[in-house]
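Every number here is computed from the coordinates shown, using simple stated rules; none is lab data. For clarity, every value in this text was computed on a predicted model and none was experimentally measured. When we count neighbours, we look across all protein chains shown, and the Cβ atoms used for this are built from the backbone with ideal geometry, even at glycine.
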Amino acid sequence: MPPKFGTSGLRGLVTELTDALVAAHVRAFLAACPHGGGVHVGRDLRASSPRIGQTVLAAVREAGLEATDCGAVPTPALALAAMGRGQAAIMVTGSHIPDDRNGLKFYLPTGEIAKSDEAAILAALEQAETGGGTTGPLQEDPGCGAAYATRYTEAFGPRALEGLRIGVYQHSSVARDLLAEVLQALGAVCVPLARSEVFVPVDTEAVDPALRDLLPAWTAQHGLDAVVSTDGDGDRPLLADGAGQVLPGDVLGPLTARMLGAKALVTPVSSNTLVEAMGDFAVTRTRIGSPHVIAGMEAALRDDPQARVAGYEANGGFLLGFEAQGPAGPLPPLMTRDALLPLIAPLAAARAAGQSLAQLAAALPARFTASGRVTGIDTQAAAALIAALEAEPEARAAFFETGAPEQALDLTDGLRVLFESGEVVHLRPSGNAPEMRCYAEAASAPRAEALMTAHLDRLDQRLSRG
């Protein structure tokens, strides 16, 4: 599948992300979008990222702009540093996808690019010209992660996690060292786990079964109160409780929002409906992808500049749209997908309440989600299947098996079916990879898992036959 530009930026096979193709996308971004006279460039720990990063830096300088090399750094830390200087940013990362793929994420001086920016970049792609004037300066900022860490240590304080023993699943996350440093500064004892010198793709939304099996073993072996991690570029969190059970991202989001005093939440249609049942927030649903969440947050802030609005995704990434108050100090807004906040806030909230993470989560409405994906599929076959299911009620009745009739159909993003039992099955083809996602929701975790597994099997059977 050739490199594709979309909601997650540019992604594709490393062998197809040539220097010429990468440079062309950088030039198109600089031609189509505001950049503030310079670009901060960061990268994850994939084997291909240093080479691609150097290509990005060279393209920025060829355009006559200042290029700031931030090295290996989490995506939200890069965005925070660039926004602080009023400049654009480009992150070299493929996020959670395998090491044979990579990509670019683009940020304006004000934050993530919007859907309109994506269209402008694509329009400029064929027209962007190479440089030829003055070469822009190159500088380094290897410590840009420090300001990102300080953001949390100052807001939460040195006793927020005191007494907690937390495992840090390091794997190949670019945030692994910074994450441990922040947790220790907040009073926790950190136990490093499974550091890898080769890239390990970690999907925080569809956690690999092998990792799910490891988590309880780690918590028991090391006497842990929790295990934390992030995806490869550090903008999606993974949090497991003291029994090694994963708290999904669409549970972390409401817990974090409640702790920070948010009153309005924006989240994609795929997120757990427990957030509405909580009754704490005015909830707006969007299509899947942080640009859609940001657009919803911006609309809320246009209506009320003082709105205490936040956003989150089912993958756990959290976006803060107002100045919140932490236990020790203010926490400024950061409207880009972040992993540290939805790790720290639930841990701090549980400790302050004298509860475990499991007890904190158990107090939420009993709605449970599960998600997974079928990979290596033919994207045209996936699109054809979704189109047929959308158009034909009989086809849906034959495909879905929940034991209850269909109650409602939601086509906001993919195909989301609500059944009279209250259960949900949601199918969505990926926009940038040969895979199909399946989300399921039910009144118990085992039932949600069973629904998801059964429908993934059906997808695999249908799509593997083409």
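Running Debye on the range 4-142 with equal point scatterers at the Cα sites and no solvent, what base-10 log of I(q)/I(0) appears at q = 0.17, 0.22 Å⁻¹?
For the range 4-142, the Cα-only Debye profile gives -0.82, -1.49.
Considering only C-alpha atoms, what is the centroid distance from the range 57-74 to the range 410-452, in Å?
40 Å
Hey, what's the Kirkwood Rh for the range 368-464 if you take every pair of different alpha carbons, in angstrom?
13.2 Å
Can you work out the Karplus-derived ³J(HN,Hα) for every residue in the range 316-328? Use 6.51 cos²θ - 1.76 cosθ + 1.60 with θ = phi - 60°, whole Hz, and x for glycine or proline.
Computed from phi, the couplings for the range 316-328 are x, x, 10, 10, 9, x, 9, 7, 8, 10, x, x, 10 Hz.
Take the Cα pairs of the chain, get the Kirkwood Rh, then feed it into Stokes-Einstein at 10 °C and 1.306 mPa s and tell me D in µm²/s.
70 µm²/s
If amide hydrogens are placed 1.01 Å from N in the peptide plane, which non-local residues have theirs closer than 5 Å to the one on Gln355?
Counting only residues 5 or more places away or on other chains, the set is empty.
Among the lysines, which have Cα under 18 Å from the Cα of Lys4 when same-chain residues fewer than 8 positions away are ignored?
Lys4 reaches Lys105, Lys115.
Mind jotting down the distance between the C-alpha centroids of the range 142-184 and the range 231-259, whole Å?
About 15 Å separates the Cα centre of the range 231-259 from the one of the range 142-184.
Please turn the phi angles of the range 243-254 into ³J(HN,Hα) values with the Karplus equation 6.51 cos²θ - 1.76 cosθ + 1.60 (θ = phi - 60°), one per residue in order, whole Hz, x for glycine and proline.
So the Karplus estimates, Gly and Pro as x, are 9, x, 8, 6, 8, x, x, 7, 9, 4, x, x Hz.
To check you understand DSSP bridge types, tell me what percent of the beta bridges within the range 147-362 (both residues inside) are antiparallel, rounded to 5.
Of all bridge pairs located within the range 147-362, approximately 40 percent are antiparallel.
Counting DSSP beta bridges in the range 40-150, what percent are antiparallel, to the nearest 5?
Antiparallel bridges: around 35 percent, rounded to the nearest 5.
Which ³J(HN,Hα) values in Hz, rounded to whole numbers, follow from the phi angles of the range 145-153 under the Karplus curve 6.51 cos²θ - 1.76 cosθ + 1.60, where θ = phi - 60° and Gly and Pro get x?
Calculated HN-Hα couplings, in order: x, 5, 5, 5, 5, 4, 3, 8, 5 Hz.
How large is the helix-only mean residue ellipticity at 222 nm for the chain, computed as the sum of -39500 (n - 2.57) over DSSP H runs with n ≥ 4, divided by its residue count, in deg cm²/dmol to the nearest 500?
Computed ellipticity for the chain at 222 nm equals -11500 deg cm²/dmol.
Taking Cα pairs under 8 Å and at least six residues apart, what relative contact order does the range 32-74 come out at, in percent?
54 percent
Among 249-255, 264-270, 455-461, 84-90, what's the highest-first ranking by average C-beta atoms within 10 angstrom per residue?
Result, highest mean first: 249-255, 264-270, 84-90, 455-461.
Considering only DSSP beta bridges whose two residues both sit in the chain, what percent are antiparallel, to the nearest 5?
Of those bridges, close to 60 percent are antiparallel.
With an 8 Å cut-off on Cα pairs and a minimum separation of 6 or more residues, tell me the relative contact order of the range 147-362 in percent.
Relative contact order for the range 147-362 comes out at 21 percent.
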